[in-house]
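A.B. asks: First the structure, then my questions, so here it is.
Bear in mind that the values in this text are calculations on the coordinates, not laboratory data. It should be emphasised that the depicted structure is a prediction, and the values quoted were computed from it without experimental measurement. Don't worry about glycine lacking a Cβ; one is built from the backbone with ideal geometry, like all the others, and counts go over all protein chains shown.
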Amino acid sequence: MVAETSERLLKEVGKVVVGRERETRLVLVAFLARGHVLLEGVPGISKTLLARAFSSCLGLEFKRVQFTPDMMPLDIVGGFVFNLKNREFDFRRGPIFSNVLLADEINRAPPKVQSALLEGMQECQVTIEGHTELLPSPFMVVATENPFEFHGVYPLPEGQLDRFMLRVVFDYPDGLVESEILKRNLRDIDLSPIEPIMSNEQIAEVFSKVKSVRVSDEILDYLSSLAKLTRTEERVNLGASPRAMVHLVQAARAFAFLDGRDYVIPDDVKALAVPVLAHRISIEQSAILKGSAPDATAIIREIMEKVKPPR
Amino acid sequence: MAASLGPTPLIVLALDGAVYAILMLGIVASRRVSLPRVDDPNVAFGLLEKSVMRAYPDLKDGFTWREALARIKGIDARIDWPNVMATLAEYEAYKYGNGDRPAGSLSEVVRLALKIRMKDRIGRGN
């Protein structure tokens, strides 16, 4: 049943997004693990389309916010507006009150706007002037950013990056996929063929099943060794946080569930180590200058090769 | 008139055949490795781990069973791979999922371990 649902979702998203099965599966993993996801890649490679198609598939309320440098936190979370009729301040909900919030080009907004998302991402609630409102459930932030922009952008601080369970890197499509994209774009992109594959009740049931996926002590020890090595590796300035490791366990549970298992195996951890950890570690500047640290992804891969998993 | 040789050459021929057959059986038996009976999955996979690490010294410490098996697949056509993979799945369920001990036979895993060891010995020339 699980594998069937996963395949149906991939098929439905595939009706409008071509050649992004790996990325769709990772977004699904983040969703099932109740996490948020950062989609990284150059403009025009289906990041936004994938997020829209994904929420349509699950029948979720979707809102998109284009982040710009002149934004205010109120544009995201909402705020109090004076109601002339009853002469009182009414709370007007911002776009964060949705199931899937697409924060498009998140690094274009100033840090205070980025930070407006923090409470919502961590605690599924927002507080404005002492007034706290719960966000709808499920709630997921899908943010996009272009890593090659340097002007007029505000790179996400480590604390904000740590809130994203997974970072999914979008590469350019290969030749065949690109031809198919061109062919499909000869007509207008239409999301209407996508059919919701799960009801809210089914989603809640799946969430509880993912939470019951077993993680043995051996797997926990393995994770702990990985965390330790990211913190002691001399080329790394800032290793994986405890939150990062919690996210890795949760994502591994969702990954195992999608594979039809009710227990996590070392391969689940290995498959997700780069998407979960690479965006959270900071590399020592001297190592970059010396050329001994290619990038965070390569360092995480090296660490995964060094730590012996349970066998 | 041809002289009758009697049954002697036939007896010699039969004896010859028997001696050759015994010799051939001896050679085949000496090349066949007897499969030890292993009931504990930890022992079977421990044996496989030792063989794999010895035969593939470039394999990094962080390898998982699925990665290792993907690499050594094709080492011997006579290995029943679906059986090995099914045994691995049962072993994982037992080890990480608190499941029952693998009910199936572990012989294919042990056979694989011995095949890897034999190929490694041949490769090293001893």
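A.B. asks: When only DSSP loop residues count, what trypsin sites (Lys or Arg not before Pro) in region A:1-85 have their Cβ near at most 10 other Cβ atoms within 10 Å?
C.D. replies: A:LYS85
A.B. asks: Now, a different point. Tally Lys and Arg at +1 and Asp and Glu at -1 over the other residues with C-beta under 11 Å from the C-beta of A:ASN146: what net charge comes out?
C.D. replies: Residues close to A:ASN146 contribute a combined charge of -3.
A.B. asks: Another question about this same structure. In whole Hz, with x marking every Gly and Pro, tabulate ³J(HN,Hα) for region A:245-255 from phi via Karplus 6.51 cos²θ - 1.76 cosθ + 1.60, θ = phi - 60°.
C.D. replies: Once θ is set to phi - 60°, the couplings for region A:245-255 become 6, 4, 5, 5, 5, 5, 5, 4, 4, 5, 5 Hz.
A.B. asks: Going by amide H atoms built from the backbone, whose H comes under 5 Å of the H on A:ARG214, apart from near neighbours?
C.D. replies: A:TYR263, A:VAL264
A.B. asks: Still on this structure: Mean residue ellipticity at 222 nm from the helices of chain A, using -39,500 (n - 2.57) per DSSP H segment of n ≥ 4 over the full residue count, to the nearest 500 deg cm²/dmol?
C.D. replies: Per the formula, -13000 deg cm²/dmol.
A.B. asks: Rg and Dmax of region B:41-124 over Cα atoms: what are they, in angstrom?
C.D. replies: Cα radius of gyration and Dmax of region B:41-124 are 12.5, 40 Å respectively.
A.B. asks: Related question: Using C-alpha positions alone, give me the convex hull volume of the protein assembly as shown per residue in cubic angstrom.
C.D. replies: Given the Cα convex hull of the protein assembly as shown, per-residue volume reads 254 Å³.
A.B. asks: Of B:LYS73/B:LYS95; A:LYS112/A:LYS228; A:LYS47/B:LYS73; A:LYS270/B:LYS50, which pairs sit farther than 26 Å apart, going by alpha carbon to alpha carbon?
C.D. replies: In this structure, A:LYS112/A:LYS228; A:LYS47/B:LYS73 exceed 26 Å between Cα atoms.
A.B. asks: Sum up the charges of everything whose Cβ sits under 10 Å from the Cβ of A:ARG235, counting Lys and Arg as +1 and Asp and Glu as -1, but leave A:ARG235 out.
C.D. replies: It works out to a net charge of -3.
A.B. asks: Binning at 10 angstrom from zero up to the longest distance, how are the C-alpha pair distances of region A:2-200 distributed in percent?
C.D. replies: Histogram of Cα-Cα distances, whole percents per bin: 8, 34, 33, 18, 5, 1, 0.
A.B. asks: Amide H neighbours of A:LEU238 under 5 Å, counting only residues 5+ apart in sequence or on other chains, H built in-plane at 1.01 Å?
C.D. replies: When sequence neighbours closer than 5 places are left aside, the close amide H contacts are A:SER282.
A.B. asks: Compare the peptides A:160-173, B:53-66 by average per-residue count of other Cβ atoms within 10 angstrom and give them in order, highest first.
C.D. replies: Ranked from most to least packed, the peptides come out as A:160-173, B:53-66.
A.B. asks: Could you tell me, in Å, what Rg and Dmax come out for the Cα atoms of region A:212-306?
C.D. replies: Computed over the Cα atoms of region A:212-306, radius of gyration and Dmax are 13.8, 46 Å.
A.B. asks: Moving to a separate point now. Name the residue, out of A:LEU258, A:LEU289, A:LEU248, whose mean-square fluctuation peaks in a Gaussian network model built on chain A with Cα pairs under 10 Å.
C.D. replies: Looking only at A:LEU258, A:LEU289, A:LEU248, the biggest GNM fluctuation is shown by A:LEU289.
A.B. asks: Turning to a different aspect of this structure: I need the GluC sites (Glu not before Pro) found in region A:159-252, filtered to DSSP loop residues with at most 14 other beta carbons within 10 Å of theirs.
C.D. replies: Hits after loop and neighbour filter: A:GLU234.
A.B. asks: Top mean-square fluctuation among A:ILE96, A:ILE197, A:ILE281, Gaussian network model of chain A, C-alpha springs under 10 Å?
C.D. replies: A:ILE197
A.B. asks: Which of A:VAL215, A:VAL142, A:VAL17 ends up with the largest GNM mean-square fluctuation for chain A, with Cα atoms connected below 10 Å?
C.D. replies: Most flexible of the set in this elastic network: A:VAL215.
A.B. asks: Ok, one more. Restricting to Cα pairs below 8 Å that are 6+ residues apart, what does the relative contact order work out to for chain A? Please round to a whole percent.
C.D. replies: 22
A.B. asks: Evaluate peptide B:84-96: per residue, the Cβ atoms of other protein chains within 10 Å of its Cβ; return the mean as an integer.
C.D. replies: Average per residue, whole number: 3.
A.B. asks: Would you mind computing Rg(Cα) / (2.2 N^0.38 Å) for region A:119-178, counting N as its residues?
C.D. replies: 1.56
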